[in-house]
Each structure stands twice: as C-alpha cells, then as structure tokens.
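Okay, so here's the structure we're looking at.
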Amino acid sequence: MRRLTYILVALTLPLLATAQVTVSGTHYELPKPVNTDHVILFADLTQPDAYLAYTGADAFEWRDLNGATIQSGTGAETLYPENDKGYVLYTADTTICFYVLDYSQYRPTLNSLTPTPGCDQTELALDAVLPTMRYFDRYQMLHDIVRQAEIEYTTLAWDEANNAWADSTAVETVRILPTMVVGAPYRDTQFVLRTDQFAAELGLERDSILTDEMAAIAVTSHPTSITTKRGEQRENELERPIEETQLSGSAPLEIHFLANANKPVAQFYRWEIYKGTNLIASRSDEEQRYMFLEDGSYQVKVWVANEFCTTDSTVFDISVSTSQLVVPNAFTPNGDGLNDEFRVMYRSLMEFHCWIYNRWGKLVYQWDDPAKGWDGTINGRPAAAGAYYYIIRARGTDADPSVKYHKTTKRRPADVGVYQLSGDINLIR
C-alpha cells in the first residue's frame, strides 16, 4: 500500500459575517446547521487571527451554551474561541449562537485502503483513525458532521468519435466509512482516496492514500451494427439499405454485429437471433455477420461475460420487408437520364428472371438481376419503337418454398411471394 500526499494551493477565503459579528482567520461555515446560527470550522485556532469579533455599538455579552458569561463590555469585543465549544452573543435586541471547531484537531490518519472488485460496484475497506466531528445546538442537542472523501480511479468510456473504448477518470464523492462503495471499473486500476471536503474548503493539504492495482471483473459492451449498403445502381430497389446504421429494409439484408466489449476483462460472448419467439441462430463469436433472407421482424440479442460477471442483454430490432414487384408499361431510351431502361421496382426478391419478346415472339433480351433492366437495344443496336412482350418469374423472401411456378402466367392470390407476370411494354423514342 502506498500513501500519497496532495498539496493544494491555499485559498484566500472571504470573512464570513453576521450583521454584528466578524469571523476572522481561515475558516469554513457549515451550511444549514440545525437549531443554531453558525457552525464554524477554523483551520487552526492557535493562529492569532482566528477569532470572533463583535462590531456593534450596543452593550453585549459573550456567553457559553449554559448561559454563563465569558466576557463583556468595552475591550472584550474579540473572542478567541476554543475547539468544540458553543458561544452565544447577547445584545439588547439580538442573540446569535455559534459553535466552533478546530479542524487541525480532526485530521485523519489513513493506514490502508483495500478494494474488493464486484460486477456492479467496488467495495473499499478503509483502515483509518478518523476523529468524530460534531456540534451542539442552542438546545444542547448533539449533531454529527458528515465527512466525505473523494475517490478517483480510471475506468473505460465509449468514445463515439473514434468508435472505441478510451480511458476515463471517474471521481466519486462518498461518506467516509469503514466500508465505502463506488462504481465497478471496466479495466484494471488503482483507487485514490482524498479526505475530506473540509480540507478542500479550507484550502489545506488533503490526506490521501492509494490502493494497489485491482484486477477488474466488471464487463460492459457497446454493441454496434454495420449494414451492408446497396448503392445507386439499385435505385429501383424499394427500401434498399443505404446507411450502415439501417436495421430495416429489403432482403437480402446483411448486417455485421460487433459486441465492442471491454477486453481483456470480457472473455465470453453469446449472440441469439429470434424471429418472433423462435430462436433461429445462436453463436459465441465476438462478432458475427448474418444474412436476413426472410421477411419479418427479428431480434438480435448479445451478452458479454467472464467467469465472474455478465452483462444484461442488448437488443437490436430488425425488420425485413415483404416482397413487392411493380412493372412499368413504357420506357423512353433517349439518353436523357429519365426512364431510359425498362426496369421493375422491387423489394425483397430472392429470385428473378425476365424475358423480352418482339411482336413476332422472338426473344430479344433477358436478365436475372432485378436491379438491372433492358436499355432498348438488340445486339447493341437500338430496337424499333413499339410494343414488346415481357414474361417475369420471381420469388420473394415471403414465398413458400413448396409453391412452384405454373404454366399459366397469371399469379394466383394464394401464391404469396411468387410472381408470374406478363404483359406489354411500350418502347417510346
């Protein structure tokens, strides 16, 4: 165990005063004392400038809490108080009650500070001599004064700008007790305890102690996802994923999931993918890629753990579109950048084929990628304007695998996700 000493620059404190009393010397006044007017903590009552002084013009008396007169009259305005004593100033029209403490008599002796790691918090066992600070009010009722320590340690925080964990300093204020509780760090660290708040208020040297390094066991994660984008060449795809953060859209929807845990403290990973209430995949890699091929709503859950601790599950909600296929009835391949190709509008198609025939039934073009289309040429030459005939066979992510294509080109209402379309397309020049 190592002991640290922190020297603070002495503060120049303003003198606190009532209407008729000046408080001199380095001091701090406790806020909102109970049943008394002022509780004043002096840095050191042995200093010659540490006193209370009556500044009024009326007759006065300084008394103790029992009512016994201590001093009065001309030349007795200045009172040099003692530690742990109460005083009352009496004048003709006012009574002011003070309680005085000498902080130099309450300095702690810090022997050791021992941390015990936990999943949610860290316990710090303090071995110290800490004199009790208290005051009596005007009715001579006793009140304890709470002493607080500042505990500092290094943990990890997620850096959004760099998409990574970074060291972060945590500072917590706790009541000084034999056992204190602070947060659980996400990396191995040391704890510094500095006592107490009154030393800080008085601008005095603060007593400090440093623990040995503690091995962290708390785990955390900042799961993220990266969706595979599909660019402008698929602009006829409805709801196509165009942002890495997108968690919905047309299938096939490929998403890369990252746990982003606080390694090396985190050691184990569990990913579960649900469609509705059905578990469809379970994996234990730190990262995973998954291709969502069927329409519907999904949940992706992740847990991070080690042999001591585990995180609560983090959930991604994924939505995959039902299929759709819309066929235009005309296109204008004139090079103006508008409607220059015969392309379908679609989403969530897993299978596609289109055949184009001229009026004599001759096949002039075919393709099997719904993102592409016919540019109105035959063997590299512009096709004649007029009507052409198309036949389309396509299957969506919502199709029943047992449903087959039929000889008829009419789509049956029961064949969800199975498209058997035909019709005329007008080429206009």
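The values are calculated or read from the model by the stated rules, or taken from the named source; none is laboratory data. The model shown is predicted, which means the values in this text are computed figures rather than measured ones. So basically every Cβ, Gly included, is an ideal-geometry build from the backbone, and we count neighbours across all protein chains shown.
Inspect region 28-41 for any residue being outside any strand (DSSP E or B), at pLDDT below 95 and either touching a Gly at 6+ places or on another chain (Cβ under 6 Å) or of a type in the set (A, V, I, L, M, F, W, C) (or both) and give the result as yes or no. No: zero hits.
A quick yes/no check of all residues on (1) at pLDDT below 95; (2) in a strand (DSSP E or B); (3) surrounded by fewer than 14 Cβ atoms within 10 Å (Cβ to Cβ):
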{"residue": "161", "(1), (2), (3)": "yes, no, yes"}
{"residue": "181", "(1), (2), (3)": "no, yes, no"}
{"residue": "185", "(1), (2), (3)": "no, no, no"}
{"residue": "194", "(1), (2), (3)": "no, yes, no"}
{"residue": "208", "(1), (2), (3)": "no, yes, no"}
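Picking from residues in region 50-70 that are of a type outside the set (Ser, Thr, Tyr) and under 11 Å from residue 81 (Cα atoms), the one that is surrounded by the most Cβ atoms within 10 Å (Cβ to Cβ) is 52.
Annotation note: of 175, 194, the sole residue that is of a type in the set (Lys, Arg) and free of Cβ contacts under 8 Å to residues at least 40 places away in the same chain is 175.
Filtering region 108-138 to residues that are outside any strand (DSSP E or B) and touching a Leu at 6+ places or on another chain (Cβ under 9 Å) leaves 108, 130, 133, 137, 138. Of all residues in region 163-179, those satisfying the criterion of being in a strand (DSSP E or B), surrounded by 12 or more Cβ atoms within 10 Å (Cβ to Cβ) and among the hydrophobic types (A, V, I, L, M, F, W, C) are 165, 170, 174.
Of the strands (runs of 3 or more DSSP E) that lie entirely inside region 253-355, those containing 3 or more residues that are over 26 Å from residue 428 (Cβ atoms) span 253-258, 268-275, 278-283, 287-292, 296-305, 314-320. For residue 390, all conditions in the list (1) within 28 Å of residue 290 (Cα to Cα); (2) touching a Leu at 6+ places or on another chain (Cβ under 8 Å); (3) assigned to a strand (DSSP E or B) hold save one; what is the number of the exception? Looking at each condition in turn, residue 390 falls short on (1).
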